[in-house]
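The structure appears below as structure tokens.
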Amino acid sequence: MHNIDQKLKRAIVAAVQLSGVSDLEFDASLIELRQLAKTLGFEVVGRFTQKRARFDSAAYFGLGKRAELRGMQGSADVILVDHEISPSQAYNLEKEVGCEVMDRTMVILEIFHRHARSRAARAQVEIARLAYMAPRLREAAKLAGPQGRQRSGVGGRGAGEAHSELDRRKIRDRIAELQKELDAMDLERRTQRTRRQERQGLARVALVGYTNAGKSTLMRALTGSEALVADKLFATLDTTVRALHPQSVPPVLVSDTVGFIKNLPHGLVASFKSTLDEALEASLLAHVVDASDPGFERQLAVTDQVLDEIGAKAVPRLLIFNKIDRAGDESGQGEREAALRAQYPACLVMSARREGDIAKLHEAIAAFFQRDLVEAELFLPWAAQKLRGEVFATCKVLEERADGEGAFLRVRGDPETVKRLRELFGRV
Ligand SMILES: Nc1nc2c(ncn2[C@@H]2O[C@H](COP(=O)(O)OP(=O)(O)OP(=O)(O)O)[C@@H](O)[C@H]2O)c(=O)[nH]1
Ligand SMILES: [Mg+2]
């Protein structure tokens, strides 16, 4: 398996700008690649680009540009290519310029690999990496031929040795084994989740959005929990679930999810689907967007697209523009906010750094779950007084009076909860 050498520190970000791609879009993507590189601990020492109608089929860059890159030998340890390139393109490019090449997919996979903590996330990432590496190992072996077996080639670094049927089978078996583990974990998770939901009611909101938008920061602020916050891409790989705090009526569970990115490797979309199931089960998606990013519209579109792909199109959304405090000086922030409100009338513009804004977000989430509440009167016989706490935890109690038989509680709650409580008290 590919391992990034600790000595590999200096990186060049490199890309072909295809004819249909605007300068703005192209630059934004390279800036993002820089951030990805930084997340991996690389120092970006240069930028190398070429305009072309299509990628060179043999080695991504054109012949002349490859010579130019070869001339830069020694100034960097790794070239990061801002596209997913084929195994043979990567192999040829690496061989020709005499420097290690990593494509965007490999960079993202490496970050996921480093950040995966839970057993499930680790297994998911390993599957994606194996699936990515398998054809590359094969290609390296094929292109290296009998003489090349000792070289350390692309992808299969140090693994130029006979990538025969045996290795292929090994990879396949390993993937199957990991998949089996995951299926077992998934079953366990589902059972736990069902239990949890039965206990706490079903109101759920999931924080979703582009990587680094501030989801975990908001998770912390909304729930008083210790979610991992970092100025890194893909800081969060596991979904965490906590109750909204202070507790609302009905109580709401908040989940933090893995961030999205442009060209998220397909293997990762598939493997993180189960993590994102949390999002699908939510009644509300709080879509967090970094309002201070000039390319926020692209981030927004990517997130919408991934949400569609995983089947979350129909889940109601609350659009949150976060980090407004970073959108220039005070007047700049005002302008940005006004523009956002005009374009997205139902959105929330805020900063996670402002307590008042967090309170507004809390209120907006609570209000969403209160919109279908009904008023009802519940009769709680004296014999069932131990269930009082349950009423107070799940409904807002508006009035209480008592007679010889028990207590009458006038409550506001969601119809399902009211029905469930009635049945519960009826049985006492
Ligand atoms: N200035 C400012 N910084 C913020 C705000 N919200 C979050 N941040 C910072 O943005 C960075 C990313 O925040 P996270 O909460 O880790 O972002 P995330 O969306 O969870 O990112 P991933 O887990 O990588 O998908 C951190 O350095 C935060 O401190 C905000 O409103 N204003
Ligand atoms: Mg996070």
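Counting just the residues of the stretch 405-428 that are among the charged types (D, E, K, R) and without any contact (Cβ under 8 Å) to a residue 12 or more places away in the chain, which one comes out nearest to Leu373 (Cα to Cα)?
Here is the first cut: in the stretch 405-428, the residues among the charged types (D, E, K, R) are 405, 410, 412, 414, 416, 419-420, 422-423, 427.
Keeping just the survivors that are without any contact (Cβ under 8 Å) to a residue 12 or more places away in the chain gives 419-420, 423, 427.
Values: Lys419: 12, Arg420: 14, Glu423: 18, Arg427: 24 Å.
Ranking the candidates gives Lys419 first.
Looking at Asp290, Asp256, which one is at pLDDT 85 or above, among the charged types (D, E, K, R) and open to solvent by less than 10 Å² (accessible area, probe 1.4 Å)? Walk me through it before giving the result.
Working: Asp290 fails: open to solvent by less than 10 Å² (accessible area, probe 1.4 Å).
Result of the check over Asp290, Asp256: Asp256.
So which residues in the stretch 240-253 are more than 16 Å from ligand 2 (Cβ to nearest atom), among the polar types (S, T, N, Q) and open to solvent by 30 Å² or more (accessible area, probe 1.4 Å), if there are any at all?
Within the stretch 240-253, the subset more than 16 Å from ligand 2 (Cβ to nearest atom) is 243-253.
Narrowing the set further to residues that are among the polar types (S, T, N, Q) leaves 247-248.
Residue satisfying the conditions is Gln247 alone.
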Complete set of residues in the stretch 164-184 that are open to solvent by less than 60 Å² (accessible area, probe 1.4 Å) and at pLDDT below 85:
Ser164, Asp167
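If you check Arg317 against the conditions, is it of a type in the set (D, E, K, R), under 30 Å from Val269 (Cβ atoms) and open to solvent by 20 Å² or more (accessible area, probe 1.4 Å)?
yes
Working carefully through the options Glu84, Glu32, Glu68, find the one that is part of a helix (DSSP H, G or I) and open to solvent by 70 Å² or more (accessible area, probe 1.4 Å). Give the steps one after another, and end with the answer.
Values: Glu84 fails: part of a helix (DSSP H, G or I); Glu32 fails: open to solvent by 70 Å² or more (accessible area, probe 1.4 Å).
Checking each option against the conditions leaves just Glu68.
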Residue pairs within 7 Å by beta carbon, gap of at least six or interchain, first lying in the stretch 347-360 and more than 10 Å from Ala221 (Cβ to Cβ), second part of a loop (DSSP other than H, G, I, E, B), listed first then second, are Val349/Ala291; Ser351/Lys323; Lys360/Met350
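Just checking, does the stretch 64-71 include any residue being touching a Gly at 6+ places or on another chain (Cβ under 8 Å) and at pLDDT 95 or above? Show your work before the answer.
Of the residues in the stretch 64-71, the ones touching a Gly at 6+ places or on another chain (Cβ under 8 Å) are 70.
Remaining after also requiring at pLDDT 95 or above: none.
Looking through the stretch 64-71, none of the residues is touching a Gly at 6+ places or on another chain (Cβ under 8 Å) and at pLDDT 95 or above.
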Which condition number does Glu226 fail, the rest of (1) modelled with pLDDT of 90 or more; (2) within 16 Å of ligand 1 (Cβ to nearest atom); (3) of a type in the set (D, E, K, R) being met?
(1)
Please report, ordered by residue number, the strands (runs of 3 or more DSSP E) entirely within the stretch 343-428 with at least 3 residues that are open to solvent by less than 50 Å² (accessible area, probe 1.4 Å).
374-381, 406-413
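Are any of the residues in the stretch 274-285 within 15 Å of ligand 1 (Cβ to nearest atom), modelled with pLDDT of 80 or more and within 25 Å of Arg336 (Cβ to Cβ)?
Looking for residues that are within 15 Å of ligand 1 (Cβ to nearest atom), modelled with pLDDT of 80 or more and within 25 Å of Arg336 (Cβ to Cβ), one finds at least one in the stretch 274-285, hence yes.
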Which of (1) β-branched (Val, Ile, Thr); (2) assigned to a helix (DSSP H, G or I); (3) farther than 25 Å from Pro135 by Cβ is the odd one out, the single condition Thr105 does not satisfy?
(3)
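The values are calculated or read from the model by the stated rules, or taken from the named source; none is laboratory data. Model, not experiment: these values are computed from the prediction. Reconstructed Cβ throughout: ideal geometry from the backbone, glycine too, with neighbour counts over all protein chains shown. Only protein heavy atoms, including side chains, enter the accessible area calculation; ligands, DNA and RNA are left aside. Shrake-Rupley method; radii C 1.70, N 1.55, O 1.52, S 1.80 Å.
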